[in-house]
Amino acid sequence: MKSFKTTATALVFAALAACGPSATTEAPEAAPALTAADARAFLQEAEAKLEATAEYAARAAWLAANFINVDSQFVEARAIQEYTLLSVQYAEEAARFDQLDLDADTRRKLNRLKQDLSFPAPADAELAGELAEIGSELQATYGKGQYCNTERCYSLQDMTKILATSRDPELLKELWAGWRTVSPPMREKYQRQVEIANAGARQLGYDNLSVMWRSKYDMEADAFAADIDAQWNKVKPLYDALHCHVRAKLSDHYGDDVVPDSGKIPAHLLGNMWAQQWGNLYDLVKPEGSEQSYDLTALIEQHAMSELDMVKIAEAFFTSLGFKPLPETFWQRSLFTKPRDREVVCHASAWNLDNQDDLRIKMCIEKTAEDFQTVHHELGHNFYQRAYKDQPYLYKGSANDGFHEALGDTISLSVTPSYLVQLGLLKEEPPASEDLGYLMNMALEKIAFLPFGLLVDKWRWQVFNGELAPENYNQGWWDLREKYQGIAAPVARTEAHFDPGAKFHIPGNTPYMRYFLAFIQQFQFHQSVCATAGYEGPLHRCSIYNSTAAGDKLQAMMELGASRPWPEAMEALTGQPLLDASAIIDYFQPLKTWLDEQNKDRQCGW
Ligand code: X8Z
Ligand code: ZN
């Protein structure tokens with residue numbers, strides 16, 4: 001989801017100390033004690049002012065992302081500075097009610113007010129301005145990024161396509177390293193951004209920004225980190241099995257000198273610029289004898305589907321569940337394809353500009369299965385935003401940020417072969433003997449992602465809490481990439497590089513643990529809505545298409561917005577309150593059995 005608040009920095013002019021008594025010898029009169037009614041009145045004012053300022057900042061951010069230039073950056077930075085100052089001012093004022101005995105709802109809102117920003121600044125207009133400027137600049141640097149060799153220049157989209165389809169290791173290596181020339185200039189700015197935001201977090205009462213980021217989950221910061229690790233440990237055997245098989249197949253294809261059959265996998269050969277999802281390797285690693293007989297990218301091409309068709313089809317899935325169609329303005333104002341005449345931030349995002357009905361996506365759609373999935377992902381954000389639009393400002397959000405990321409993905413788990421038949425894209429449903437191929441495809445997208453989803457913010461948490469010093473930023477990044485993903489850089493990395501900056505969410509200041517959560521949660525959601533739709537059978541073959549019962553269940557959860565602690569929203573949808581990896585493990589069980597058989601004589605691990 002795109003919320004400019006995730007890029008926003010923080011605050012300040014400290015509320016001018018309410019005038020104390022002028023010089024006098026008399027003892028100052030004690031201020032009247034604050035009451036719960038004062039807290040509610042305070043919140044009412046804060047919500048109204050923040051909501052109005054948020055709309056202004058969102059519109060400025062939209063312009064800056066759709067027209068990257070010095071003026072749009074200037075305006076965006078000003079608007080974000082203003083929002084940041086206001087938000088921090090209110091967050092600090094909220095502390096006045098810390099000792100009051102308040103009803104749960106008022107207390108929750110005061111808490112959320114404190115956690116409004118991803119990058120808070122201290123109460124100082126200059127620092128808030130500097131932070132906002134750095135944010136706009138980093139985002140623009142990423143958005144404009146390209147790599148040129150002596151022959152031609154490549155945009156990130158160009159390189160993405162080549163990484164997906166080429167099997168020429170030298171070209172892949174060149175582009176892999178080429179894209180990473182975009183980020184070294186970000187390094188010093190990033191360091192400064194962290195310094196200011198850490199000061200902002202401390203002023204709000206957190207030890208550092210790491211603690212603040214981990215405090216947004218209705219539990220203690222350390223308990224959240226522990227839960228994440230526990231879920232990772234449950235799914236790690238599945239990742240290890242996939243890694244082992246993929247490495248063996250890459251080694252068969254490229255030869256032992258390019259991919260040794262032990263140790264880490266070279267990061268440029270996994271079909272994706274960050275090695276985060278490996279779906280493009282399907283042909284190399286598919287289960288012989290039970291592979292999929294169709295290829296969604298090819299179907300999109302064969303049916304001459306346009307980018308707009310892809311969005312219309314995704315919308316139709318949501319309306320089949322009983323959701324209202326998207327408003328006319330969505331179609332008029334969204335960006336669906338990469339403009340030829342200007343620079344834009346191509347990374348896909350979904351927006352609600354006025355916190356009501358001005359929903360849009362911004363995406364440079366490619367006609368691929370991967371982007372078909374991403375279109376569903378983005379529309380999930382928009383339908384969620386619309387579901388909670390009548391909540392008060394501080395509850396306009398998802399139960400936790402993983403829920404927002406999981407919603408659209410839950411829908412695309414229902415983009416099964418049987419659904420493609422209903423759509424007329426496939427003639428007949430493939431036999432069950434092809435299921436392993438389908439599951440392999442899904443695992444390359446969903447299981448391969450998990451360690452990457454985990455490590456991006458493990459890196460940021462270390463940066464924020466000082467465990468990782470600026471002079472070790474890149475080393476720390478690669479330590480995590482090696483440890484969790486079992487991959488290795490194909491060319492030497494040093495502290496002259498800044499590889500985290502070559503991933504959108506670092507310069508874009510979007511927290512990333514949300515995706516780790518979402519990749520676990522979406523299987524819980526899928527399991528539960530499939531049951532609601534009356535489906536019986538293997539989970540991977542369920543599609544909730546046309547089930548208004550499933551739609552009602554999703555709507556009831558989404559309408560809650562952020563008004564209740566997330567375990568309640570989880571319970572409303574799945575009947576139990578916990579984050580639980582057992583659904584994703586169940587979904588992939590047949591593949592796990594097959595992988596274990598394939599790997600039995602292989603030396604796995606790295
Ligand atoms: O950034 C996104 C979405 C926008 S919220 C396209 N995703 C992560 C990424 O691309 O790195 C979705 C999957 C993970
Ligand atoms: Zn998203």
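The values are calculated or read from the model by the stated rules, or taken from the named source; none is laboratory data. Note that the coordinates shown come from a computational prediction; the quantities given were computed from them, not determined experimentally. Positions of Cβ are generated from backbone atoms using ideal geometry, with glycine treated the same way; all protein chains shown enter the neighbour counts. Accessible surface areas use protein heavy atoms only, side chains included; no ligands, DNA or RNA. Shrake-Rupley method; radii C 1.70, N 1.55, O 1.52, S 1.80 Å.
Each residue in segment 68-84 was checked for being surrounded by fewer than 20 Cβ atoms within 10 Å (Cβ to Cβ) and either under 15 Å from E47 (Cβ atoms) or of a type outside the set (D, E, K, R) (or both), and 5 pass. Entry remark, segment 523-536: residues being open to solvent by less than 50 Å² (accessible area, probe 1.4 Å) and assigned to a loop (DSSP other than H, G, I, E, B) number 1 in total.
I'd like the residue in segment 358-390 that is out of contact with any His (no Cβ under 9 Å at 6 or more places or on another chain) and among the aromatic types (F, W, Y) and, out of all such residues, is farthest from L156 (Cα to Cα). Filtering segment 358-390 for residues that are out of contact with any His (no Cβ under 9 Å at 6 or more places or on another chain) and among the aromatic types (F, W, Y), the one farthest from L156 (Cα to Cα) comes out as Y388. Among the residues making up segment 147-163, a single one is exposed (fewer than 10 other Cβ atoms within 10 Å of the Cβ) and among the β-branched types (V, I, T): T150.
In a loop (DSSP other than H, G, I, E, B) and either open to solvent by 10 Å² or more (accessible area, probe 1.4 Å) or more than 16 Å from ligand 2 (Cβ to nearest atom) (or both) - does that describe any residue in segment 369-380? For segment 369-380, residues in a loop (DSSP other than H, G, I, E, B) and either open to solvent by 10 Å² or more (accessible area, probe 1.4 Å) or more than 16 Å from ligand 2 (Cβ to nearest atom) (or both): absent. I need the full set of residues from segment 79-104 which are free of Cβ contacts under 8 Å to residues at least 12 places away in the same chain and in a helix (DSSP H, G or I), in order please. Within segment 79-104, A104 is the sole residue that qualifies.
From the list D256, D252, D218, the one residue that fits, being open to solvent by 30 Å² or more (accessible area, probe 1.4 Å) and assigned to a helix (DSSP H, G or I), is D252.
Residue by residue, here is whether (1) farther than 28 Å from Y294 by Cβ; (2) over 17 Å from the mean Cα position of the chain (by Cα) holds:
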site	(1), (2)
D341	yes, yes
V344	yes, yes
H347	yes, no
A350	yes, no
L353	yes, yes
I361	no, no
E366	no, yes
Q373	no, no
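Taken together, T35, T106, T53 contain a single residue that is within 22 Å of D218 (Cβ to Cβ), of a type in the set (S, T, Y), surrounded by fewer than 20 Cβ atoms within 10 Å (Cβ to Cβ) and modelled with pLDDT of 95 or more, which is T106.
When segment 381-407 is filtered for residues that are over 19 Å from D218 (Cα atoms) and within 13 Å of ligand 2 (Cβ to nearest atom), the ones remaining, listed by number, are H381, N382, F383, Y384, Q385, L407. Considering only residues in segment 277-300 that are under 20 Å from Y254 (Cα atoms) and outside any helix (DSSP H, G or I), the one that is farthest from ligand 1 (Cβ to nearest atom) turns out to be E288. When each of E428, E445, E495 is tested for being open to solvent by 30 Å² or more (accessible area, probe 1.4 Å) and closer than 22 Å to L591 by Cβ, the lone residue that passes is E445. Kindly establish whether S414 is more than 12 Å from ligand 1 (Cβ to nearest atom), polar (S, T, N, Q) and at pLDDT below 95. When the stated conditions are applied, S414 does not pass them. When S87, S166, S136 are checked against the criterion of being touching a Phe, Trp or Tyr at 6+ places or on another chain (Cβ under 9 Å) and either polar (S, T, N, Q) or open to solvent by less than 40 Å² (accessible area, probe 1.4 Å) (or both), S136 stands alone in meeting it.
Looking across segment 480-515, just one residue is among the acidic types (D, E), away from ligand 1 (no atom under 16 Å from the Cβ) and under 22 Å from the mean Cα position of the chain (by Cα), and that is E482. Annotation: of all residues in segment 547-577 being hydrophobic (A, V, I, L, M, F, W, C) and surrounded by fewer than 17 Cβ atoms within 10 Å (Cβ to Cβ), the one that is nearest to L407 (Cα to Cα) is A556.
The rows are residues; the columns are (1) more than 16 Å from ligand 2 (Cβ to nearest atom); (2) modelled with pLDDT under 95; (3) more than 24 Å from V258 (Cα to Cα); (4) out of contact with any Ser or Thr (no Cβ under 7 Å at 6 or more places or on another chain).
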| residue | (1), (2), (3), (4) |
| --- | --- |
| P431 | yes, yes, yes, yes |
| D499 | yes, no, no, no |
| P511 | no, no, yes, no |
| H526 | yes, no, yes, no |
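The number of residues in segment 460-475 being within 14 Å of G501 (Cβ to Cβ) and surrounded by fewer than 21 Cβ atoms within 10 Å (Cβ to Cβ) comes to 1. Among the residues of segment 353-368, those identified as away from ligand 2 (no atom under 13 Å from the Cβ) and open to solvent by less than 30 Å² (accessible area, probe 1.4 Å) are L353, D358, L359, R360, C364, I365. More than 20 Å from L591 (Cβ to Cβ) and more than 16 Å from ligand 2 (Cβ to nearest atom): which single residue out of L250, L299, L270, L284 fits that description? Being more than 20 Å from L591 (Cβ to Cβ) and more than 16 Å from ligand 2 (Cβ to nearest atom) holds for just one of L250, L299, L270, L284, which is L299. Scanning segment 319-335 for residues that are among the polar types (S, T, N, Q) and touching a residue at least 24 places away in the same chain (Cβ under 8 Å), which turns out nearest to ligand 1 (Cβ to nearest atom)? The residue in question is S334. Selection of helices (runs of 4 or more DSSP H) fully inside segment 412-519 by the criterion of at least 2 residues being touching a residue at least 24 places away in the same chain (Cβ under 8 Å), closer than 22 Å to C530 by Cα and in contact with a helix residue (DSSP H, G or I) (Cβ under 8 Å, 6 or more places away or on another chain) returns 417-423, 435-446. If only residues of segment 259-288 that are over 30 Å from the mean Cα position of the chain (by Cα) and in contact (Cβ under 8 Å) with a residue 24 or more places away in the chain are counted, the one that is least open to solvent (accessible area, probe 1.4 Å) is P287.
Has segment 578-585 got at least one residue that is within 16 Å of ligand 1 (Cβ to nearest atom), of a type outside the set (K, R) and either surrounded by fewer than 18 Cβ atoms within 10 Å (Cβ to Cβ) or in a helix (DSSP H, G or I) (or both)? Scanning segment 578-585, I find at least one residue that is within 16 Å of ligand 1 (Cβ to nearest atom), of a type outside the set (K, R) and either surrounded by fewer than 18 Cβ atoms within 10 Å (Cβ to Cβ) or in a helix (DSSP H, G or I) (or both), so the answer is yes. Residues in segment 348-369 that are near ligand 1 (Cβ under 10 Å from one of its atoms) and under 15 Å from S306 (Cα atoms): M363 only.
This table checks each residue for (1) within 13 Å of ligand 1 (Cβ to nearest atom); (2) assigned to a helix (DSSP H, G or I); (3) touching a Lys or Arg at 6+ places or on another chain (Cβ under 8 Å); (4) open to solvent by 30 Å² or more (accessible area, probe 1.4 Å).
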position	(1), (2), (3), (4)
D309	no, yes, no, yes
F317	no, yes, no, no
T337	no, no, no, yes
C346	yes, no, yes, no
Y384	yes, yes, no, no
Q391	no, no, no, yes
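Of the residues examined, L238 is not one that is crowded, with 21+ Cβ neighbours inside 10 Å and touching a Gly at 6+ places or on another chain (Cβ under 8 Å).
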